[in-house]
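Structure first, commentary second.
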Amino acid sequence: MGQDAALRSPPLLSRAEDLTPLLDLVAVCLARDCTATAAMLDELPQPLSTFALAASWLAPANLLTEWRCVACDEPHTCDVKRSRDGTYSYVCLHNGRLPLSRSELQTYALDWVAVLGAFAESIGRNERGVSRHAAERLYKIGYVDRKTQDDGWTLGLAVGLEDAATLSNVLHVLRTSFPKGSGLIATIGTRPPGEVRIERYLFADASKLFQLQSNKLVLMQPEASKILFGPGPTPAKSGAKSRSANIAQIRKALLEAGEWPDRRNAQVKSIRSGWKKSMGKIPAATSVPRNLREIEEAEREGREIS
């Protein structure tokens, strides 16, 4: 793939594109502190490689000085030779001198600032507003408004979590320095195993939260909200109670028993415990406060929760 590709405007995509291959390549460049080769770029689906160059995630860097020969039965590494006429080649042990094109030797450097800028732009922010934490392994991208609810959430980005010390530092910062409230930490590369919830933050693969649409990184808000808050309320069937109504019933029983705590965190814990005993699957801890606010508002207005 030649450098000219970086200068062309990418064609508009007619469908959303899965970012996984590109984010995997970004993770490799970060973990190994290396450039991407033309061969690595060629392995990407064409829309992703075109976007990576046009959006400056990857920029042409140096040419390879060594080439791994696979033209014979004994793969080996050879020095790249540049002739006076500007052509390139290497000498195979069995096949003699073999030509190489400049595009084959081209490497591409990762522009991490451009990557951060794309994530920030996906929620209407810009790279200058991104804050850096944990030795630049954790980033606060910004606040995400929810169009149908009055509570938003914080989007973060984490990299390098395959290193135990980095992961420990990131978790410490989430506990002590990040905004209090709900949030998702998008990860590039390794994600902590299982459902890791620190304070009210959850980790999720960036490829599950973002897609490439019309040559822009787009946050899939419904998917992100489902990961963070659960599937949300479903229309109640005739005669069936809503989740808020069930929570109101549990709350009433605790109040009557004199077991309703004062602090919101303890209230949420009591609701989830009561729900588990009577109804099985526990609602997400991040969604219960919203239900409680709805119940309290209904009480102030003299309305019933159905």
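Have a look at 143, 139, 90 and point out the one that is outside any helix (DSSP H, G or I), assigned by TED's automatic domain parsing to the domain that holds residue 206 and under 24 Å from residue 36 (Cα atoms). Unique residue meeting the criteria: 139.
Being in contact (Cβ under 8 Å) with a residue 24 or more places away in the chain, outside any loop (DSSP other than H, G, I, E, B), in contact with a Gly (Cβ under 6 Å, 6 or more places away or on another chain) and among the hydrophobic types (A, V, I, L, M, F, W, C) holds for only one residue in 61, 27, 39, and it is 27.
Scan the range 158-177 and give yes if some residue there is over 19 Å from residue 57 (Cα atoms), basic (Lys, Arg) and at pLDDT 90 or above, otherwise no. So far as the range 158-177 goes, no, none of its residues is over 19 Å from residue 57 (Cα atoms), basic (Lys, Arg) and at pLDDT 90 or above. Among the residues of the range 4-15, none qualifies, meaning not one is modelled with pLDDT of 90 or more, buried (at least 17 other Cβ atoms within 10 Å of the Cβ) and either of a type in the set (Val, Ile, Thr) or not in a helix (DSSP H, G or I) (or both). Pairing residues of the range 244-263 that are surrounded by 10 or more Cβ atoms within 10 Å (Cβ to Cβ) with residues that are not in a helix (DSSP H, G or I), at Cβ distances under 6 Å and at least 6 apart in sequence or on separate chains, gives 244/305; 245/305; 245/306; 248/305; 254/260.
The values are calculated or read from the model by the stated rules, or taken from the named source; none is laboratory data. From a predicted model like this one, the values you see are computed outputs, not experimental measurements. Ideal geometry is used to build each Cβ from the backbone, glycine not excepted, and the neighbour counts take in all protein chains shown.
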